[in-house]
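Note sheet for the following structure.
None of the figures in this text is laboratory data; all of them are computed from the coordinates on show. Only a predicted model underlies this, so the values are computations on that prediction, with no experimental measurement involved. Here the Cβ positions follow ideal geometry from the backbone for every residue, glycine too, while neighbour counts run over all protein chains shown.
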Amino acid sequence: METKTFSIDGPVLFTPKKFRDGRGFFAEIFKASAFEAAVGSAHNFVQDNLSVSEKTGTLRGLHYQAPPHAQGKLVSCQRGQITDVIVDVRKSSPTYGQHISVDLSADTRAQLWVPPNFLHGYVTREDDCEVVYKVTDYYAPDAEGSVMWNDPDLAIDWGTVKPIISERDLDGQSFADFESPFA
């Protein structure tokens with residue numbers, strides 16, 4: 001498993017090595033000891049989620065779940081391709097408000113570790129995308145929140161001007177009004 005870190009401390013990209021033969025390939029896609037070594041701590045994954053988006057340009061985000069139900073996510077694209085975006089919202093972080101974006105695809109099977117104190121969203125680059133993410137806490141509707149995907153203070157280039165987006169995500173709060181619950 002190859003790992004990549006970023007200029008923002010916390011997120012890690014995991015790319016499995018593929019072992020090919022005449023039948024196809026084999027890849028180790030998760031190993032707790034390797035994950036813990038790369039992220040610097042143990043995390044207990046309690047739920048796996050699947051999101052299917054039928055059309056290119058479907059945008060989901062920017063979401064978070066507040067403490068005490070904050071969710072870390074290990075995100076992968078199992079069919080198609082997405083651009084995954086995360087925003088650092090740790091109050092004391094020197095990179096507060098900064099973001100990274102990573103292309104995830106079924107071709108690479110790479111997975112992005114999104115720490116529990118980051119906003120998260122993605123946009124599909126192909127039709128019929130399947131995104132799978134393991135999470136570290138259960139879904140808690142009373143703890144969920146959303147920040148506007150196109151907030152000018154964040155200056156995220158999603159690569160699309162008119163995404164397919166839910167009413168919930170259209171009603172996200174501005175980043176200026178967002179009061180981060182993450183220390």
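Listed by Cβ neighbour count within 10 Å, with the fewest neighbours leading, I82, I156 appear as I156, I82. The GluC sites (Glu not before Pro) of region 1-100 that meet both conditions, a loop assignment by DSSP and at most 10 other Cβ atoms within 10 Å of the site Cβ, are E54. If you run the Gaussian network model on the chain, springs between alpha carbon atoms under 10 Å, then out of N150, N117, N49 the most flexible one is N49. Among the trypsin sites (Lys or Arg not before Pro) found in region 58-101, those both in a DSSP coil and sparsely packed, with 16 or fewer other Cβ atoms within 10 Å of their Cβ, are K91. Exposure proxy ranking for W149, W158, based on other Cβ atoms within 10 angstrom of each Cβ and starting from the fewest, stands as W158, W149. Within the same chain, lysines fewer than 8 places from K18 are excluded, and of the rest, those with a Cα less than 29 Å from its Cα are K4, K31, K55, K73, K134. Taking the fewest neighbouring Cβ atoms within 10 Å as the starting point, the ordered list for Y138, Y122, Y96 is Y138, Y96, Y122. Give the relative contact order (percent, whole number) for the chain; include only Cα pairs under 8 Å separated by 6+ residues. About 29 percent, as a whole number. Were the residues from D127 through V46 laid out at 0.36 nm apart, the gain over their Cα-Cα distance would be 26.3 nm. For region 4-149, the convex hull drawn through the C-alpha positions has a volume of 117 cubic angstrom per residue. Across q = 0.15, 0.26, 0.27 Å⁻¹, region 1-54 modelled as identical point scatterers on its alpha-carbon atoms has Debye log10 I(q)/I(0) values of -0.62, -1.07, -1.09, in the order of the q list. Percent of C-alpha pairs per 5 Å bin in region 91-154, short distances first: 3, 10, 21, 23, 22, 15, 4, 1.
Which of the GluC sites (Glu not before Pro) found in region 92-183 are in a DSSP loop and have at most 16 neighbouring Cβ atoms, other than their own, within 10 Å? Within region 92-183, the qualifying GluC sites (Glu not before Pro) (loop, at most 16 other Cβ atoms within 10 Å) are E126, E179.
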